Amino acid sequence: MAAQTEESDCAREQTKAEQDVDQVRQRAARDQQRLDSGAVTSPKDLENLQREIASLAKRQGDLEDVVLEVMERRESAQERVAELTERVGAVQGKIDDATARRDAAVEELDGEAGSVTKEREVVSGSVPDDLLKLYDKLREQQGGVGAAKLYQRSCQGCRQELAITELSEIRAAAPDTVVRCENCRRILVRTADSGL
Ligand SMILES: [Zn+2]
(Lines give C-alpha, C1' and ligand atoms only; values in the text may rest on other atoms or scores of the structure.)
Protein backbone atom coordinates (compact mmCIF):
# COMPACT_ATOMS: atom_id res chain seq x y z
CA MET A 1 0.00 0.00 0.00
CA ALA A 2 2.86 2.39 0.83
CA ALA A 3 4.42 1.69 -2.56
CA GLN A 4 1.08 2.27 -4.30
CA THR A 5 0.64 5.56 -2.42
CA GLU A 6 4.13 6.62 -3.46
CA GLU A 7 3.32 5.73 -7.07
CA SER A 8 0.10 7.76 -7.09
CA ASP A 9 1.87 10.69 -5.36
CA CYS A 10 4.48 10.62 -8.14
CA ALA A 11 1.72 10.49 -10.77
CA ARG A 12 0.12 13.60 -9.27
CA GLU A 13 3.49 15.35 -9.08
CA GLN A 14 4.16 14.46 -12.71
CA THR A 15 0.79 15.89 -13.87
CA LYS A 16 1.50 19.11 -11.96
CA ALA A 17 5.02 19.43 -13.39
CA GLU A 18 3.72 18.79 -16.94
CA GLN A 19 1.08 21.50 -16.45
CA ASP A 20 3.84 23.92 -15.34
CA VAL A 21 5.81 23.14 -18.51
CA ASP A 22 2.67 23.66 -20.62
CA GLN A 23 1.95 27.05 -19.06
CA VAL A 24 5.49 28.29 -19.73
CA ARG A 25 5.42 26.90 -23.27
CA GLN A 26 2.09 28.65 -24.03
CA ARG A 27 3.33 31.93 -22.64
CA ALA A 28 6.52 31.70 -24.72
CA ALA A 29 4.41 30.90 -27.81
CA ARG A 30 2.24 33.97 -27.22
CA ASP A 31 5.33 36.16 -26.82
CA GLN A 32 6.82 34.70 -29.97
CA GLN A 33 3.56 35.43 -31.86
CA ARG A 34 3.59 39.03 -30.69
CA LEU A 35 7.19 39.35 -31.76
CA ASP A 36 6.51 37.84 -35.18
CA SER A 37 3.35 39.91 -35.75
CA GLY A 38 5.35 43.12 -35.94
CA ALA A 39 2.86 44.84 -33.63
CA VAL A 40 5.60 45.68 -31.18
CA THR A 41 7.76 48.37 -32.65
CA SER A 42 9.46 50.19 -29.80
CA PRO A 43 13.05 48.91 -29.45
CA LYS A 44 12.72 48.83 -25.67
CA ASP A 45 9.55 46.68 -25.81
CA LEU A 46 11.15 44.42 -28.39
CA GLU A 47 14.17 43.94 -26.18
CA ASN A 48 11.98 43.15 -23.16
CA LEU A 49 9.96 40.67 -25.17
CA GLN A 50 13.08 38.89 -26.41
CA ARG A 51 14.50 38.79 -22.91
CA GLU A 52 11.28 37.27 -21.61
CA ILE A 53 11.25 34.63 -24.37
CA ALA A 54 14.83 33.68 -23.48
CA SER A 55 14.06 33.44 -19.77
CA LEU A 56 10.93 31.37 -20.49
CA ALA A 57 13.02 28.96 -22.56
CA LYS A 58 15.42 28.58 -19.65
CA ARG A 59 12.48 28.09 -17.25
CA GLN A 60 10.91 25.51 -19.57
CA GLY A 61 14.18 23.55 -19.61
CA ASP A 62 14.35 23.54 -15.81
CA LEU A 63 10.73 22.40 -15.53
CA GLU A 64 11.29 19.63 -18.06
CA ASP A 65 14.17 18.38 -15.90
CA VAL A 66 11.73 18.26 -12.99
CA VAL A 67 9.29 16.21 -15.10
CA LEU A 68 12.08 13.74 -16.00
CA GLU A 69 13.15 13.40 -12.39
CA VAL A 70 9.55 12.74 -11.26
CA MET A 71 9.09 10.20 -14.08
CA GLU A 72 12.17 8.31 -12.93
CA ARG A 73 10.91 8.18 -9.38
CA ARG A 74 7.50 7.07 -10.60
CA GLU A 75 9.05 4.29 -12.67
CA SER A 76 10.94 2.84 -9.70
CA ALA A 77 7.79 3.12 -7.57
CA GLN A 78 5.91 1.18 -10.28
CA GLU A 79 8.60 -1.50 -10.29
CA ARG A 80 8.35 -1.78 -6.53
CA VAL A 81 4.54 -2.06 -6.72
CA ALA A 82 4.86 -4.83 -9.31
CA GLU A 83 7.44 -6.71 -7.25
CA LEU A 84 5.41 -6.46 -4.05
CA THR A 85 2.18 -7.39 -5.82
CA GLU A 86 3.89 -10.55 -7.05
CA ARG A 87 5.08 -11.37 -3.53
CA VAL A 88 1.62 -10.77 -2.09
CA GLY A 89 0.27 -13.15 -4.72
CA ALA A 90 2.81 -15.82 -3.78
CA VAL A 91 2.03 -15.51 -0.06
CA GLN A 92 -1.71 -15.57 -0.76
CA GLY A 93 -1.16 -18.75 -2.76
CA LYS A 94 0.54 -20.34 0.23
CA ILE A 95 -2.30 -19.21 2.52
CA ASP A 96 -4.90 -20.66 0.14
CA ASP A 97 -2.99 -23.91 -0.04
CA ALA A 98 -2.63 -24.19 3.75
CA THR A 99 -6.31 -23.30 4.24
CA ALA A 100 -7.38 -26.01 1.79
CA ARG A 101 -5.18 -28.57 3.55
CA ARG A 102 -6.52 -27.52 6.97
CA ASP A 103 -10.13 -27.78 5.76
CA ALA A 104 -9.46 -31.23 4.33
CA ALA A 105 -7.84 -32.32 7.61
CA VAL A 106 -10.77 -30.98 9.66
CA GLU A 107 -13.21 -32.83 7.43
CA GLU A 108 -11.23 -36.04 7.79
CA LEU A 109 -11.04 -35.63 11.59
CA ASP A 110 -14.77 -34.92 11.79
CA GLY A 111 -15.43 -38.13 9.89
CA GLU A 112 -13.06 -40.04 12.13
CA ALA A 113 -14.63 -38.57 15.28
CA GLY A 114 -18.06 -39.61 14.01
CA SER A 115 -17.07 -43.22 13.43
CA VAL A 116 -15.09 -43.43 16.70
CA THR A 117 -18.11 -42.09 18.59
CA LYS A 118 -20.29 -44.77 17.02
CA GLU A 119 -17.73 -47.46 17.86
CA ARG A 120 -17.59 -46.20 21.44
CA GLU A 121 -21.36 -46.41 21.75
CA VAL A 122 -21.26 -50.04 20.65
CA VAL A 123 -18.43 -50.92 23.07
CA SER A 124 -19.85 -48.99 26.03
CA GLY A 125 -23.14 -50.82 25.58
CA SER A 126 -21.37 -54.08 26.45
CA VAL A 127 -19.59 -52.69 29.56
CA PRO A 128 -21.31 -53.03 32.96
CA ASP A 129 -22.73 -49.74 34.25
CA ASP A 130 -20.58 -49.45 37.40
CA LEU A 131 -17.38 -50.14 35.46
CA LEU A 132 -18.36 -47.60 32.83
CA LYS A 133 -19.02 -45.05 35.57
CA LEU A 134 -15.62 -45.70 37.13
CA TYR A 135 -13.95 -45.46 33.72
CA ASP A 136 -15.66 -42.14 32.89
CA LYS A 137 -14.74 -40.68 36.27
CA LEU A 138 -11.08 -41.69 35.85
CA ARG A 139 -11.07 -40.43 32.30
CA GLU A 140 -12.18 -37.02 33.52
CA GLN A 141 -9.56 -36.96 36.28
CA GLN A 142 -6.70 -38.31 34.16
CA GLY A 143 -6.66 -36.09 31.11
CA GLY A 144 -9.00 -38.17 28.95
CA VAL A 145 -7.40 -41.58 29.56
CA GLY A 146 -9.30 -43.71 32.06
CA ALA A 147 -7.79 -47.09 31.23
CA ALA A 148 -4.28 -48.08 30.22
CA LYS A 149 -2.56 -51.14 28.93
CA LEU A 150 -0.27 -53.04 31.29
CA TYR A 151 2.72 -53.54 29.04
CA GLN A 152 5.90 -55.30 30.17
CA ARG A 153 5.11 -54.66 33.81
CA SER A 154 4.55 -50.92 33.22
CA CYS A 155 1.35 -48.90 33.28
CA GLN A 156 1.06 -47.24 29.85
CA GLY A 157 -1.00 -44.44 31.41
CA CYS A 158 1.64 -43.07 33.79
CA ARG A 159 4.65 -45.02 32.38
CA GLN A 160 5.57 -46.29 35.84
CA GLU A 161 6.82 -49.82 36.35
CA LEU A 162 4.64 -51.67 38.84
CA ALA A 163 6.06 -52.97 42.13
CA ILE A 164 6.66 -56.70 42.42
CA THR A 165 3.97 -57.11 45.10
CA GLU A 166 1.46 -55.30 42.97
CA LEU A 167 2.32 -57.49 39.99
CA SER A 168 1.82 -60.64 42.05
CA GLU A 169 -1.58 -59.40 43.14
CA ILE A 170 -2.58 -58.72 39.56
CA ARG A 171 -1.23 -62.10 38.51
CA ALA A 172 -3.38 -63.77 41.15
CA ALA A 173 -6.52 -61.77 40.31
CA ALA A 174 -9.32 -63.40 38.34
CA PRO A 175 -9.51 -62.36 34.63
CA ASP A 176 -12.72 -60.39 35.18
CA THR A 177 -11.43 -58.52 38.25
CA VAL A 178 -10.95 -54.82 37.60
CA VAL A 179 -7.31 -54.08 38.45
CA ARG A 180 -5.95 -50.59 38.76
CA CYS A 181 -2.59 -48.86 38.68
CA GLU A 182 -1.27 -48.18 42.18
CA ASN A 183 0.31 -44.95 40.98
CA CYS A 184 -2.23 -43.22 38.72
CA ARG A 185 -5.34 -45.27 39.67
CA ARG A 186 -6.24 -45.95 36.04
CA ILE A 187 -7.89 -49.23 35.13
CA LEU A 188 -5.21 -51.61 33.91
CA VAL A 189 -5.90 -53.75 30.85
CA ARG A 190 -4.06 -57.06 30.91
CA THR A 191 -2.78 -58.56 27.66
CA ALA A 192 -0.30 -61.30 26.64
CA ASP A 193 2.43 -58.59 26.68
CA SER A 194 1.76 -57.54 30.26
CA GLY A 195 4.84 -59.37 31.55
CA LEU A 196 2.93 -61.14 34.29
ZN1 LIG B 1 -0.43 -45.76 36.10
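Quick one: go through region 1-40 and flag any residue whose amide nitrogen is under 20 Å from the point 7 Å out along the Cα-to-Cβ line of Gln50. Correct set: 28-40. Under 5 Å from the amide H of Arg180 lie the amide H atoms of Leu188, each residue being 5 or more positions distant or on a separate chain, with H modelled from the backbone and absent for Pro and chain starts. Relative to the longest principal axis of the Cα atoms of the chain, the long axis of helix 2-37 lies at roughly 10 degrees. A P(r) calculated from all alpha carbon pairs of region 129-190, with 10 Å bins opening at zero, reads 24, 56, 20, 0 percent.
Look at the alpha carbon pairs under 8 Å that are at least 6 residues apart: their mean separation over the length of region 49-196 gives a relative contact order of 17 percent. Against the chain, whose longest principal axis comes from its Cα atoms, helix 43-125 is set at around 10 degrees. Per residue, the accessible area of the chain comes to 73 Å², computed with a 1.4 Å probe over protein heavy atoms only. Summed over qualifying helices (DSSP H, 4 residues or more, each -39500 (n - 2.57)) and divided by its residue number, the chain shows a 222 nm mean residue ellipticity of -26500 deg cm²/dmol.
Label-to-label distance for Gln160 and Glu75 is 7.8 nm, based on points extended 7 Å past Cα in the beta-carbon direction. Report, ordered by chain and residue number, the lysines lying within cross-link reach of Lys44, taken as a straight Cα distance under 24 Å and ignoring same-chain residues fewer than 8 apart. Those lysines meeting the cut-off are Lys58. Cys residues of the chain that find no other Cys beta carbon under 4.7 Å: Cys10. Computed over protein heavy atoms with a 1.4 Å probe, the carbon and sulfur contribution to the accessible area of the chain reaches 51%. Take the Cα of Leu167, step 7 Å toward its Cβ, do the same at Glu112, and the gap between the two points is 3.4 nm. Scattering from the chain was approximated by placing one identical point on each alpha carbon and applying the Debye formula without solvent; log10 I(q)/I(0) at 0.09, 0.14, 0.17 1/Å stands at -0.66, -0.95, -1.11. For region 2-113, compute Rg over Rh where Rg is the Cα radius of gyration and Rh is the Kirkwood radius from the inverse mean 1/r over Cα pairs. Rg/Rh for region 2-113 comes to 1.53.
In order along region 141-146, phi translates into HN-Hα couplings of 6, 10, x, x, 10, x Hz, rounded to whole numbers, per the Karplus curve 6.51 cos²θ - 1.76 cosθ + 1.60 with θ = phi - 60° and x for Gly and Pro. For Ala11 and Arg102, the difference between the fully extended length at 0.36 nm per residue and the C-alpha to C-alpha distance is 28.5 nm.
Of all lysines in the structure, those lying under 30 Å Cα to Cα from Lys149, and not within fewer than 8 positions of it along the same chain, are Lys118, Lys133, Lys137.
The values are calculated or read from the model by the stated rules, or taken from the named source; none is laboratory data. Keep in mind that what you see is a predicted model, and the values were worked out from it rather than measured. When we count neighbours, we look across all protein chains shown, and the Cβ atoms used for this are built from the backbone with ideal geometry, even at glycine. Remember, those area values only see protein heavy atoms, side chains included, never the ligands or the DNA or RNA. Shrake-Rupley method; radii C 1.70, N 1.55, O 1.52, S 1.80 Å.
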